[in-house]
1. Out of residues 5 or more away from residue 17 or on other chains, whose amide H comes under 5 Å of its own, with H placed 1.01 Å from N in the peptide plane?
2. Could you work out how much longer the chain between residue 29 and residue 79 gets when fully extended? Use 0.36 nm per residue separation minus the Cα distance between them, nm to one decimal.
Amino acid sequence: MGTRRRDGAAWHGGTYLSVLIDPKIRGADRRVGILDTARNGGDLEPGTAHLVRVIEYNVIDREGNGTGEVIVLLTNIVEPGDASAGELAAHNR
């Protein structure tokens with residue numbers, strides 16, 4: 001899905017929507033259809049694919065192994081108004 005909201009605008013703060021597709025779905029046409037459905041705001045078939053919000057961040061004061069790494073958090077809370085990236089990252093820490 002890339003780094004776009006459903007309406008095509010980019011989100012700020014290192015968050016974007018993505019789709020997790022069941023790896024058993026192999027056909028390119030089927031996968032493209034699922035992505036098109038998600039892009040257009042349609043409902044995804046349960047067990048086939050899940051719309052997720054991806055939050056990328058790093059921990060500035062992290063020491064030792066992992067310093068400078070980007071942490072990636074996936075959540076099914078897809079609307080930033082329901083929980084900000086900062087709130088989710090702080091809860092994950």
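1. Residues meeting the amide H criterion: 4, 54.
2. Numbers: separation 50, 0.36 × 50 = 18.00 nm, distance 2.81 nm.
So the chain would gain 15.2 nm between residue 29 and residue 79.
Taken together, the values in this text are just the output of simple stated rules run on the coordinates, not laboratory data. Keep in mind that what you see is a predicted model, and the values were worked out from it rather than measured.
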